[in-house]
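The values are calculated or read from the model by the stated rules, or taken from the named source; none is laboratory data. Values in this document were obtained by computation on a predicted structure and should not be read as measured data. For neighbour counting, all protein chains shown are included, and Cβ atoms are generated from backbone atoms with ideal geometry for every residue, glycine included. Each accessible area value is taken on the protein alone, full model and side chains, heavy atoms only, with ligands, DNA and RNA left out. Shrake-Rupley method; radii C 1.70, N 1.55, O 1.52, S 1.80 Å.
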Amino acid sequence: MTSTKKLLTFKLMISPDTESDEVLTALLCSAESLILNRMYPFGYPDGTRIPARYDQLQLQLAVELYTKRGAEGQSNHSENGISRSWPEKSALLNRVVPHCGSVISNA
């Protein structure tokens, strides 16, 4: 899925809310970084892109990030009988399979 298609899909997912393209693109980039950091826990080369199978996950994470705006990092909040708390990390990231490799030894 192209970046433009992701942006349009993201806009539809948060509709009727509206936000600037710059903010939505930043949230998509943040979601992509979360996925890449989960895939490559020891770092990844510049220019690494998420596999196509994680496109929908990226959108779901971006929507989750969007809905938490204004309450970033909230661990607990109670007001007028409404209670909110955010988990340390998104449960969606459990669907990302870490990339692994092997070390070849001549010994």
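At-a-glance table
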| read-out | value |
| --- | --- |
| Considering residues of the range 17-41 that are of a type outside the set (Val, Ile, Thr) and at pLDDT below 90 only, the residue surrounded by the fewest Cβ atoms within 10 Å (Cβ to Cβ) | 17 |
| Residue 44 being among the aromatic types (Phe, Trp, Tyr) and either at positive phi or open to solvent by 30 Å² or more (accessible area, probe 1.4 Å) (or both) | yes |
| Residue list for the range 55-97, restricted to those being surrounded by 10 or more Cβ atoms within 10 Å (Cβ to Cβ), assigned to a loop (DSSP other than H, G, I, E, B) and modelled with pLDDT of 75 or more | 68, 69, 90, 96, 97 |
